[in-house]
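Down below is the structure, laid out as structure tokens.
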């Protein structure tokens, strides 16, 4: 079928809308008519080829939500007409998948960034030109996509898809990191570095978890203010305040946890130094500059450093929990979202790059 998609090509400033041909879904796949898709910084990095060598041309996008139009013969949990939020792909057979930890699937990296199905085929083409598809098993910067059914989460039809679309990556990453990976308990404390969509999802999740002290650190005053409105007990503007002193003032003995969503080596270092003894720093990125942890500080204080993918959460069970919290008014995700018509893709992309908005969401149809 003919579709419209934002195609990422080498040496271009941003993906550009083009018409492509999309295959029918295979046995374990679904055809989804996209209603909304979030733009994530991983999309920006993949387009630039920064540490994520996705083959070009490609259709990116991995926070898609829409309506199922066709299902493959092996798909049992979905049917045409179902509303879905899409997450990443997984094999379903490795120890991580069998333990409901699909983000740590043995095939997570090739299924996310390989630009192909595991058999090397792609669902997209432009005449004789093949176009990489299946980015995070979906490639949702498009009017339609063929996605791996395992990563699709059915959601109630009355839930706005433009609100829940970012749950597929950025929001589950931040919220899951707090609730599933770090397992923050009532009365505990956390310092969150970066108050973008992932960081503010972590703020909201920490409030849900009953954390007593939630400190948000950012370099943008408006994002610090937003973090306070969403549940942070303290916010530190790193351009004006001494981060370590400000955290010490709030937490004289240090924090139980820190959570790093930035690419700043300084923030990684601060994330270790704000910890109490036996505290843990979780991280979902990697520092842009060289950084070596102070191993003696970690050893002497029993401190830990924990990498987290996808919030260490199982999307098919965790996303419904987030939706219920949203329904109850306890997870106001809509506060983060700025909507853009799909036709205005270039502006949405630019606003994401420049941090003009927290979470841009493309709307394919109203």
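The values are calculated or read from the model by the stated rules, or taken from the named source; none is laboratory data. Note that the structure is predicted; figures quoted are calculated from it, not measured. As a convention, Cβ positions derive from the backbone with ideal geometry for all residues, glycine included, and neighbour counts pool all protein chains shown.
Structural remarks
- Restricting region 275-292 to residues that are out of contact with any helix residue (DSSP H, G or I) (no Cβ under 6 Å at 6 or more places or on another chain) and surrounded by 12 or more Cβ atoms within 10 Å (Cβ to Cβ), the residue that is farthest from residue 176 (Cα to Cα): 288
- Scanning region 78-95 for residues that are surrounded by 14 or more Cβ atoms within 10 Å (Cβ to Cβ) and in contact with a helix residue (DSSP H, G or I) (Cβ under 8 Å, 6 or more places away or on another chain) yields 78, 83, 85, 86, 87, 88, 89, 90, 91.
- Of all residues in region 353-366, those being closer than 24 Å to residue 19 by Cβ and touching a residue at least 60 places away in the same chain (Cβ under 8 Å) number 6.
For (1) surrounded by fewer than 19 Cβ atoms within 10 Å (Cβ to Cβ); (2) within 21 Å of residue 355 (Cα to Cα); (3) touching a helix residue (DSSP H, G or I) at 6+ places or on another chain (Cβ under 6 Å), each residue gets a yes or a no:
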residue	(1), (2), (3)
205	no, no, yes
225	yes, yes, no
235	no, yes, yes
243	no, no, yes
248	yes, no, no
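- Only helices (runs of 4 or more DSSP H) whose full extent lies in region 41-120 are considered here, and the ones with at least 3 residues that are under 30 Å from residue 157 (Cα atoms) are 41-48, 108-113.
- Residue 133 vs. criteria over 15 Å from the mean Cα position of the chain (by Cα), buried (at least 24 other Cβ atoms within 10 Å of the Cβ) and within 30 Å of residue 74 (Cα to Cα): yes
- Pick from region 232-260, criterion assigned to a strand (DSSP E or B) and touching a residue at least 60 places away in the same chain (Cβ under 8 Å), ranking: farthest from residue 275 (Cα to Cα): 260
- Lone qualifier among 111, 106 - being in contact with a strand residue (DSSP E or B) (Cβ under 9 Å, 6 or more places away or on another chain) and free of Cβ contacts under 8 Å to residues at least 40 places away in the same chain: 111
To keep it simple, each residue is scored yes or no on (1) outside the structural domain of residue 156 (by TED's automatic domain parsing); (2) in contact with a helix residue (DSSP H, G or I) (Cβ under 8 Å, 6 or more places away or on another chain); (3) in contact (Cβ under 8 Å) with a residue 24 or more places away in the chain.
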position	(1), (2), (3)
7	no, no, yes
26	no, no, yes
55	no, no, yes
60	no, yes, yes
68	no, no, yes
97	no, no, no
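- Matching residues, region 117-139, being within 17 Å of residue 46 (Cβ to Cβ) and either at pLDDT below 95 or touching a helix residue (DSSP H, G or I) at 6+ places or on another chain (Cβ under 8 Å) (or both): 134, 135, 136, 137, 138
- So residue 130, is it touching a strand residue (DSSP E or B) at 6+ places or on another chain (Cβ under 6 Å) and not in a helix (DSSP H, G or I): no
- Restricting region 160-183 to residues that are out of contact with any strand residue (DSSP E or B) (no Cβ under 8 Å at 6 or more places or on another chain) and surrounded by fewer than 24 Cβ atoms within 10 Å (Cβ to Cβ), the residue that is nearest to residue 141 (Cα to Cα): 160
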